[in-house]
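Following: one structure in structure tokens, then a few remarks.
Please treat every number below as a calculation from the coordinates, not as lab data. Worth saying up front: this structure is predicted, and the values here are computed from it rather than measured. Using ideal geometry, Cβ is built from the backbone for each residue, glycine included, and neighbour counts are taken over all protein chains shown.
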């Protein structure tokens with residue numbers, strides 16, 4: 001009977017533990033404590049090596065790098081935020097599920113489902129068989145998980161961001177659209193302020209959250225004042241807009257951005 005077989009196997013396991021096993025205390029606890037001390041000692045040693053081989057002068061690099069670099073600028077518009085390497089897979093998942101309705105699936109749904117399945121494995125598979133040749137389903141599932149995590153991590157690490165104003169890109173916009181100096185300044189600001197992380201313009205940028213292509217924005221006849229009001233409060237001018245407000249620009253910057261958008265007349269200018 002299956003139940004009798006499980007009971008017999010459990011009795012054999014208990015006898016094997018009594019014959020060859022070691023109690024958790026002190027053996028396993030001693031090993032865990034010793035390994036924890038080794039890990040903490042290595043981390044402490046590396047921290048001391050980093051600290052005592054550098055000085056407080058910015059740019060003074062020691063064995064493990066400088067203690068200080070340039071001061072952080074909270075007002076920068078050119079910084080490209082990127083996650084730590086172990087979140088690259090999630091970072092790239094957001095590029096795949098980029099619509100508002102599916103962002104929850106990428107950030108919470110898929111990781112939670114995989115975590116639940118991982119926690120459920122010991123309860124679902126209670127066989128004592130551990131030979132890989134006898135466990136094709138487990139082996140294939142593990143290989144698929146490792147491969148998918150590796151691919152997503154690699155793609156996330158090598159993904160190119162559209163933030164930052166490449167001079168040649170802005171010059172192309174100026175040439176094709178015939179932008180004046182004020183509109184050119186707005187084009188630089190558009191590229192530096194993160195607009196291209198959601199909008200596209202002359203085939204540059206990324207389309208996310210349903211944001212439209214702005215190459216032909218100037219053909220809609222909305223006017224400079226509407227553009228400025230929309231930048232300050234997108235949802236006020238376009239109810240339901242996913243675009244965040246940009247309240248920290250100066251009046252001059254608002255004017256430059258508005259002129260850039262109004263002079264955007266399409267691929268041929």
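For the stretch 22-71, a/c is not less than 1.5, where a ≥ b ≥ c are the root eigenvalues of the C-alpha gyration tensor, and a/b tops b/c. That puts it in the prolate class. Along its first, second and third principal axes, ordered by size, the stretch 167-262 spans 34, 27, 25 Å in Cα coordinates. Taking the chain on its own, what percent of its Cα-Cα pair distances exceed 31 Å? The share of Cα pairs beyond 31 Å in the chain comes to 57 percent. Here the simple spin-label model places points 7 Å from the Cα toward Cβ, and for residue 49 and residue 16 these points are separated by 4.2 nm.
In terms of overall dimensions, the stretch 1-49 has a Cα radius of gyration and Dmax of 19.6, 63 angstrom. Counting only Cα atoms, the size of the stretch 75-159 along its three principal axes is 59, 25, 20 Å, in decreasing order. The ranking of 91, 30, 190 by Cβ neighbour count inside 10 Å, starting from the fewest, reads 30, 91, 190.
With Cα atoms defining each centre, the stretch 228-269 and the stretch 194-212 are spaced 14 Å apart in the structure. Among 29, 196, the order by Cβ neighbours within 10 angstrom, fewest to most, reads 29, 196. Test of understanding: in a Gaussian network model of the chain with alpha carbons linked when under 10 Å, which of 55, 102, 207 would top the mean-square fluctuation ranking? It is 55.
In the elastic network of the chain, a GNM with C-alpha springs shorter than 10 Å, the most mobile of 16, 251, 203 is 16. A crude spin-label estimate for the pair residue 104 and residue 30, with each label 7 Å from Cα along the Cβ direction, gives 5.4 nm.
Here the label points at residue 118 and residue 220, each 7 Å from Cα along the C-beta direction, are separated by 4.3 nm in the simple model.
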